[in-house]
There are 4 protein chains.
Amino acid sequence: MKRIALAVIALGFASPLFSQAKPRARELGVPIDGTAGPLDAITDVAGVEVGHTTLISGTGKLVIGQGPVRTGVTVIHPRGKANPDPVFGAWFTLNGNGEMTGTTWLQESGILEGPIAITNTHSVGVVHDGILQWQVKRPGMQPWGLPVVAETYDGYLNDINGFHVKTEHVFQALDSAKSGPVLEGNVGGGTGMICHGFKGGIGSASRVTGGYTIGVLVQCNYGSRQELRVAGVPVGKEIPDLQRGSDDDDAGSIIVVVATDAPLLPHQLKRIATRVSLGVGRMGGTGGNSSGDIFIAFSTANTRFATDTAIASVRMLPNARISSLFTATMQATEEAIVNAMLAAETMVGVDDHRVHALPHDRLRAAMAKYGRPLK
Amino acid sequence: MKRIALAVIALGFASPLFSQAKPRARELGVPIDGTAGPLDAITDVAGVEVGHTTLISGTGKLVIGQGPVRTGVTVIHPRGKANPDPVFGAWFTLNGNGEMTGTTWLQESGILEGPIAITNTHSVGVVHDGILQWQVKRPGMQPWGLPVVAETYDGYLNDINGFHVKTEHVFQALDSAKSGPVLEGNVGGGTGMICHGFKGGIGSASRVTGGYTIGVLVQCNYGSRQELRVAGVPVGKEIPDLQRGSDDDDAGSIIVVVATDAPLLPHQLKRIATRVSLGVGRMGGTGGNSSGDIFIAFSTANTRFATDTAIASVRMLPNARISSLFTATMQATEEAIVNAMLAAETMVGVDDHRVHALPHDRLRAAMAKYGRPLK
Amino acid sequence: MKRIALAVIALGFASPLFSQAKPRARELGVPIDGTAGPLDAITDVAGVEVGHTTLISGTGKLVIGQGPVRTGVTVIHPRGKANPDPVFGAWFTLNGNGEMTGTTWLQESGILEGPIAITNTHSVGVVHDGILQWQVKRPGMQPWGLPVVAETYDGYLNDINGFHVKTEHVFQALDSAKSGPVLEGNVGGGTGMICHGFKGGIGSASRVTGGYTIGVLVQCNYGSRQELRVAGVPVGKEIPDLQRGSDDDDAGSIIVVVATDAPLLPHQLKRIATRVSLGVGRMGGTGGNSSGDIFIAFSTANTRFATDTAIASVRMLPNARISSLFTATMQATEEAIVNAMLAAETMVGVDDHRVHALPHDRLRAAMAKYGRPLK
Amino acid sequence: MKRIALAVIALGFASPLFSQAKPRARELGVPIDGTAGPLDAITDVAGVEVGHTTLISGTGKLVIGQGPVRTGVTVIHPRGKANPDPVFGAWFTLNGNGEMTGTTWLQESGILEGPIAITNTHSVGVVHDGILQWQVKRPGMQPWGLPVVAETYDGYLNDINGFHVKTEHVFQALDSAKSGPVLEGNVGGGTGMICHGFKGGIGSASRVTGGYTIGVLVQCNYGSRQELRVAGVPVGKEIPDLQRGSDDDDAGSIIVVVATDAPLLPHQLKRIATRVSLGVGRMGGTGGNSSGDIFIAFSTANTRFATDTAIASVRMLPNARISSLFTATMQATEEAIVNAMLAAETMVGVDDHRVHALPHDRLRAAMAKYGRPLK
């Protein structure tokens, strides 16, 4: 299976067409308010780079350690892989049945000192190790690290107990990260994920407001079909079929990364991270008991505030101007989730488990039925 | 003006017809999921009593200290006014531009030891004092107290700097509280409140799931018109008129009280309180910068766990069964907000400021337009 | 009793000799590390003003509403009473059996927008009201407020259910606040307080490190005799006598206010507030169940960051230089508590309850016995 | 070097005499209050098992990947390795410059579902992976996991970037864990740690109060020499020599695990974890900027509350009885730190860095000088 895996990995981050094959929410005219940036992606925030390693190999019955493999790792470098200058950051948990390492220091210091990685639940350790190994070999890094690694669970499609993500896959994601369009759907950490009973995965979107950009990237793997709504339309109820087995209501998780170039201090970024909840809630998320809904936000606006021992001069957006960023965060979160589902393809994984892609025509029909026709 | 005020106060808690005059969300068929309890109110949780003191007097130009007065106080007794047995409780803040006193001890101890009161921003002190004065005269109370008092701002309609709520008004609300239907709209602490640019105030709703009841009471005073949605329908955009002056976007606040008879421990009630956010978000709340969106949840299921020094035996709902309560909390929050707006009447207050009630016919038209016709 | 009260009030804030009568920790040579500022008080931070209203009247048997009265209110203006420019701030709770209003907004915004007041448990409401009434009459204030009012319980000496603090007493403390030496012991909010079984109350101290000042003010009313230690010496065990009734172990509370001119952001001030715990712990505090140990910290360094909607430029101390401020906070907290006990005089209150002052000679003997002789 | 490492690993968990060679705090008569349990260790809480894997090999100049190696992993099973029944738990951070994975779910659920592991900073990932691999092979475990792995930094003595902890070392610690005396000093995760400039590592202690046991295990690697105090005596100032290079003030971290058989609910365990701070503070800890001072507490009292979907019946200690457990937590934390330093031997590691053990005779002299003579 190794050969297939490598082939797919290469495709995973090399093909600019991969995610372009299917229209995104903006192209379809999904009526989520606000103005998107040029890429409608987290990479609209200057400097942000995203890399994916996608591992897809094997078919048929699960043999632990052999596959089938449907997993990967996604990496976000806040200022790009070549720039280790920290950013201000903060995090928030809607429901904590999940992991995001590195958050204790993030909360204490208000500073995010490296990349953010997202993978499957049982690969947190190897990705943590991989980031450290990558960091300690690079100049300008501190001699120790507390990497930020988050996860969602892909065991329905992937041989998760086979621990297929290896250190080199982490390096690939770290090194291949780039600006520009973000691959969406069945890629990177999102490869084997399920969202509202449809195939989920990686999605991204952005909003521009007041001269600033909010960029969002999600790895979505949460929610019941019944609760899915798009721009207020009860799409999930309109498509009760195309389920994997039973509707496993609140299983799953969603990791959301918010980037901005607005000059927000750590306590303000905490407010941004909290607002992600509302975007997830509008899509039909409930923060169910078995869901790990964990959100992180960072700002690239202030630079070199942690480089030496001199008093730093930092800029701060007054609170009186922050509300439009809250709204933008909610909008971009909604749209990133929709984009993930629109991009994802139907996938068959372990034991021939099949998870259906959200059919664009069915979405179109549902939206039209509720007075929200798409283009 | 005093005479008028007293007359209205009496009406405020005596007339069972006051809030029945206009249909509620259930009667109209607003399509928010879930099964309501018999009263569709927080009082569906056995033992809960609600009392209002409503202060309405004067018209015309603002004279600080004289009026016009459009304010009041609402009180919730978790087990009824005659039963001082504490309940487990917890709280959560979506946006903290507001006050809820008593939460430091609530968070530390997991225990709520008295009533919850909601009033206007500048009457927190007098209500705090009033509850203490009321408590220290009653047998079975501890010799000191840390009352829970929350607020939203009614200065657009009310002479808030006139400090018109007095200790006796607090006593009236405490003493007149009762089970049964909950008065909604322009009553109690909600008298002068504004919600999504329409007249807001007090609303309530409930959900029954898995043998347990979730009851919600809101004092809603938050949100922009533009963002208002009802069951996913963009009602605010459909009714851009009927504004008070300009659309003061994120001004205002919402206080939400959640009661349940499900046997939840304090850390589980924290999860419930957090889910209120998602209900507010679905209505169009964004936790705007100047909003005080503060939520408290309590459970009446366990009793007498804090009465002496013996080891208490308490019941705990397993986390595996908690998700349906999360969903119920969101649904009841949405419906309680809608009920507040449906019950509230157009009000004219200080300087002839006018805030329009949500017109039921316009709501009906908007819902129909988006495939969600009401009854 | 009113006449006596007024006389004492006047003395409370007028006599510069009041707290000078007895030597303070520095003068005695209590070996707590670090370098104090010129005043060894919170007012070493430029701009900080402190005001007390002290209410002492009546003797003998408790008659609720009449007395005896042993209470008051203490106010801290971060930039002085004439300067409403907000400061960055944060808070922390070691044990939350107490109240500090206004903290929800403080945590959300990172901004403290008015004075801090400390009083008795049952006067929180009237002080809250008083601050608002004072603020709404002053130019430059916002039209609403969320005052910060904290408390400790003085019911052993004071007719606390008589609610003797009135609005005018709040105004007096607000208006009489000044820079310079801080009155300590039985003054202001600390008038009737008890600390480790000795007479407690208000204390202050400061430390200068790295070019910055940390100033601390405590209202101390916590702790058991058994646990009292001074600079590591088990002073409480050495003075097991001079108790009020029984050693009421963990009853009581401590409110601590930390001011600094170091340019700390809100998330950094949270770290400072957290370190107060360690100073309290070194004195023998345990955060006992019935204790309200609540700490607030603010920085005067950045100014005018919240005055309009322009991007603010603020200075930030790098985290690499913050540790000495942590240590200074602990040291100043310890010394402020010692100063409160050294300044306080033996007091007789309701029902002839007597609380002894810490005898300086006994302290001196205990310190010498453990190799820590005083001057 | 591999051969030596294996030899030492075997010794690490097999020799009951290893930590008995030097007297512990109780034997020396260090005057920390309270009554210890029979073992004066975390294992006084019935069911708790502790396992260490100790990796010591090589000498001389650092060659990354080869050594010298001075590290390991320590594991605590709350109910023993054979019993996967979860426990209630909670955590607290004094200063968050460190990592403890799994805490997001711990805080959300109040439940700790597996072992706790402590290792070096750069081995968090491999230990995380190792626990998952161990868990997924065992019956009765859930199909996924969020392991709790904490760390402190041993790069002064250990080739930390050589990543010498391997999966099999994790298995060894997990499988060899046992009840009975706890090895202390240079063992397990504590092998290469430094405390107040002396050799630190693993320490343990316990207190019995009110019929319940509090057991503490520390991996101590924090603090400056200058600040070290033992039972209030300024021991660090009395032993200014025996330093490694310079006094690297606030570098390092301390992980503390508190076990109890008192029936505490999650929100009560949070209070216990918070009190650990005060014990660390009394020893001279300041929560310095570069310190990861992270504490976790669990209770074994309630069982089988998370095994199915029935309502669980759990016991709760009334808050009125919790204060003595707070005090016990502080005392056991202090004593565990002292025990770690008393047991640790002088160690020479990478580049011939030498860290001195705390000389018992010097400690004895310092204690006597300050009126606290040891036995």
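Values for this structure:
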| read-out | value |
| --- | --- |
| Among residues of the range D:198-212, those that are open to solvent by 10 Å² or more (accessible area, probe 1.4 Å) and touching a residue at least 40 places away in the same chain (Cβ under 8 Å), counted | 4 |
| A:Lys137, sole failed condition from (1) open to solvent by 10 Å² or more (accessible area, probe 1.4 Å); (2) more than 9 Å from chain D (Cβ to nearest Cβ); (3) not hydrophobic (A, V, I, L, M, F, W, C) | (2) |
| Yes/no for D:Glu99 being farther than 24 Å from D:Thr303 by Cβ, among the charged types (D, E, K, R) and more than 7 Å from chain A (Cβ to nearest Cβ) | no |
| Pairs where the first residue, in the range A:52-77, is in contact (Cβ under 8 Å) with a residue 24 or more places away in the chain and the second is part of a strand (DSSP E or B) and among the basic types (Lys, Arg), C-beta under 8 Å, 6+ apart | A:Leu55/A:Arg70; A:Ile56/A:Arg70 |
| Of the criteria (1) more than 7 Å from chain B (Cβ to nearest Cβ); (2) over 23 Å from C:Thr54 (Cβ atoms), which one C:Glu108 fails | (1) |
| Among residues of the range B:88-111, those that are crowded, with 24+ Cβ neighbours inside 10 Å and over 19 Å from B:Glu151 (Cβ atoms), counted | 5 |
| Test: residue in the range A:54-73 that is at the interface with chain D (Cβ under 8 Å from one of its Cβ atoms) and either β-branched (Val, Ile, Thr) or under 26 Å from A:Tyr222 (Cα atoms) (or both) | no |
| Residue identified as of a type outside the set (A, V, I, L, M, F, W, C) and either open to solvent by 10 Å² or more (accessible area, probe 1.4 Å) or assigned to a loop (DSSP other than H, G, I, E, B) (or both) among A:Glu151, A:Glu168 | A:Glu168 |
| Selected residue (criterion: farthest from the other protein chains (Cβ to nearest Cβ)) from residues of the range D:114-134 that are assigned to a helix (DSSP H, G or I) and open to solvent by 10 Å² or more (accessible area, probe 1.4 Å) | D:Trp134 |
| Hey, A:Trp91 farther than 25 Å from A:Met193 by Cα and in contact with a strand residue (DSSP E or B) (Cβ under 9 Å, 6 or more places away or on another chain) or not | no |
| Check on A:Ala320, more than 14 Å from chain B (Cβ to nearest Cβ), farther than 24 Å from A:Ile32 by Cβ and either over 18 Å from the mean Cα position of the chain (by Cα) or of a type outside the set (Asp, Glu) (or both) | no |
| Selection within the range B:213-233 - on the phi < 0 side of the Ramachandran plot, within 14 Å of chain A (Cβ to nearest Cβ) and open to solvent by 10 Å² or more (accessible area, probe 1.4 Å) | B:Ser224, B:Gln226, B:Glu227, B:Arg229 |
| Selected residue (only one of A:Gly349, A:Gly285 is within 19 Å of the chain's Cα centre (by Cα) and in contact (Cβ under 8 Å) with a residue 24 or more places away in the chain) | A:Gly285 |
| Test: residue in the range C:156-165 that is open to solvent by 20 Å² or more (accessible area, probe 1.4 Å), in contact with a Phe, Trp or Tyr (Cβ under 7 Å, 6 or more places away or on another chain) and either touching a residue at least 60 places away in the same chain (Cβ under 8 Å) or among the charged types (D, E, K, R) (or both) | no |
| Test: A:Leu228 is of a type outside the set (D, E, K, R) and either closer than 22 Å to A:Glu345 by Cα or touching an Asp or Glu at 6+ places or on another chain (Cβ under 9 Å) (or both) | yes |
| The listed residue being open to solvent by less than 50 Å² (accessible area, probe 1.4 Å), under 29 Å from B:Val208 (Cα atoms) and either aromatic (Phe, Trp, Tyr) or within 14 Å of chain A (Cβ to nearest Cβ) (or both), out of B:Met341, B:Met367 | B:Met367 |
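The values are calculated or read from the model by the stated rules, or taken from the named source; none is laboratory data. Predicted model, so just to flag it, every value in this text is computed and none were measured. Methodologically, a virtual Cβ is constructed for each residue, glycine included, from the backbone with ideal geometry; neighbour enumeration extends over all protein chains shown. Surface areas here come from the heavy atoms of the whole protein model, side chains and all, with no ligands, DNA or RNA. Shrake-Rupley method; radii C 1.70, N 1.55, O 1.52, S 1.80 Å.
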